[in-house]
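Everything below concerns the one structure shown next.
The values are calculated or read from the model by the stated rules, or taken from the named source; none is laboratory data. These numbers come from a predicted model, not from an experiment. Neighbour counts run over all protein chains shown; Cβ positions are idealised from the backbone, glycine included.
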Amino acid sequence: MGNRSKLRLWCSAFACALAVLEADGYFVDITYVESAVAKGAVCLDGSPPAYHLARGSGSGASSWLVHFEGGGWCNNVTTCLQRSHTRLGSSKEMAKQVAFSGILSNAPEYNPDFYNWNKVRVRYCDGSSFTGNKEEVDPRTNLHYRGARVWQAVMEDLLAKGMNKAENALISGCSAGGLTSILHCDRFHRLLPAAANVKCLSDAGFFINVKDIAGVNHAAAFFSDVVKTHCLFPQNEVKQIQTPLFILNAAYDSWQQVRNILVPGGSDPRWRSCKHDIKQCSAKQLKILQGFRDHFLEAIEAQGDSPTRGLFINSCFAHCQSEIQEIWFAPGSPVLGDKVNTLALFSCL
């Protein structure tokens, strides 16, 4: 069976899974960390950071899952100013409620390992995966680059609400949030009780340093505008992490491949149909996508083996699998051996 047929077969199976399972999420109210403003821990526009907290119960009352949402990055004044007027740069623009599903679901049949934990979704509003800490504020734009302070302020608020007594804790995130969980993995561990069982999950956050279809290193150029060193590429960070880390990623990551890193905006227009529907990709384009997969696996393998790292790398054409119920835990979920995403995470580390 050729690559095109295999991809079509998977897409058809996934469509069937979507039709069979309709697991609606539940809505959780927003919490604004007003006390963070005095510390300078604010969103791009100067508004307070925010999160959504669903309290745990029963056997999960002393367990915490802190999940960071994704949303890309801004890399200059223009893009950060644009972002500051959206939910990704201002808590003023955020929805007052968000739906919790996938890894945040409260249904044991859809999220057997974490359904009754204290579950937090941290809103993303700094544009740099919670890493900025610039004191100066340009009076012309009122832009604040304070992601690291936001991270700390949110953690302090959660610790005061009971996370300081956590017996089990997992920091997770999707995309830019998955990168956050890597960059802050050990820091998160150090905040918690010494006896706590602490782990980290990066979902779709393993961005690789690879050239695009035009032979230009678009990703490296973009990230260097955010931070000059290459610390936003996880392949340069993972080996140093001491806390158990689980990497969940698609080798054919749809965001990295046809939307940004491999085929960024403004690329060859002949890729337009392929970008919107993988079934429209030509044999040559599928070969290029296969080449990206090979580079991705090489970057993963270069991290070496470690008893404190686990992997679930599948061949889905997807992004942020832990947030999508139909992929996270469902009849049609991707399987590695006899384990789906959630069971692999829970038993691997």
*Take segment 85-94 and flag every residue that is in contact with a strand residue (DSSP E or B) (Cβ under 7 Å, 6 or more places away or on another chain) and either hydroxyl-bearing (Ser, Thr, Tyr) or surrounded by fewer than 16 Cβ atoms within 10 Å (Cβ to Cβ) (or both).*
91
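Yes/no matrix, rows are residues, columns are (1) surrounded by fewer than 20 Cβ atoms within 10 Å (Cβ to Cβ); (2) touching a Phe, Trp or Tyr at 6+ places or on another chain (Cβ under 7 Å); (3) free of Cβ contacts under 8 Å to residues at least 12 places away in the same chain:
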position	(1), (2), (3)
67	no, no, no
72	yes, no, no
96	yes, no, no
100	no, yes, no
117	no, yes, no
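Regarding segment 280-294, can at least one residue be identified that is at pLDDT 85 or above and part of a loop (DSSP other than H, G, I, E, B)?
Taking segment 280-294 and keeping what is at pLDDT 85 or above, we get 280-294.
After this cut, where a residue has to be part of a loop (DSSP other than H, G, I, E, B) as well, the list is 281-282.
Looking through segment 280-294, at least one residue is at pLDDT 85 or above and part of a loop (DSSP other than H, G, I, E, B).
A quick yes/no check of all residues on (1) out of contact with any Leu (no Cβ under 8 Å at 6 or more places or on another chain); (2) free of Cβ contacts under 8 Å to residues at least 60 places away in the same chain; (3) aliphatic (A, V, I, L, M):
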| site | (1), (2), (3) |
| --- | --- |
| 290 | yes, no, no |
| 305 | yes, yes, no |
| 320 | yes, no, no |
| 323 | no, no, no |
*Checklist (1) at pLDDT 80 or above; (2) aromatic (Phe, Trp, Tyr); (3) under 17 Å from the mean Cα position of the chain (by Cα) applied to residue 271, failing item*: (3)
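For segment 142-167, which positions are within 21 Å of the chain's Cα centre (by Cα), in contact (Cβ under 8 Å) with a residue 24 or more places away in the chain and over 14 Å from residue 33 (Cβ atoms)? Give the steps one after another, and end with the answer.
First, pick out the residues of segment 142-167 that are within 21 Å of the chain's Cα centre (by Cα): 145-155, 158.
Applying the additional criterion that residues be in contact (Cβ under 8 Å) with a residue 24 or more places away in the chain yields 145-146, 149-155, 158.
145, the sole residue that qualifies.
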*Residues within segment 129-162 that are crowded, with 24+ Cβ neighbours inside 10 Å and of a type outside the set (A, V, I, L, M, F, W, C), tallied*: 4
_When residues of segment 249-279 are limited to those that are of a type in the set (D, E, K, R) and in contact (Cβ under 8 Å) with a residue 60 or more places away in the chain, the one surrounded by the most Cβ atoms within 10 Å (Cβ to Cβ)_ = 253
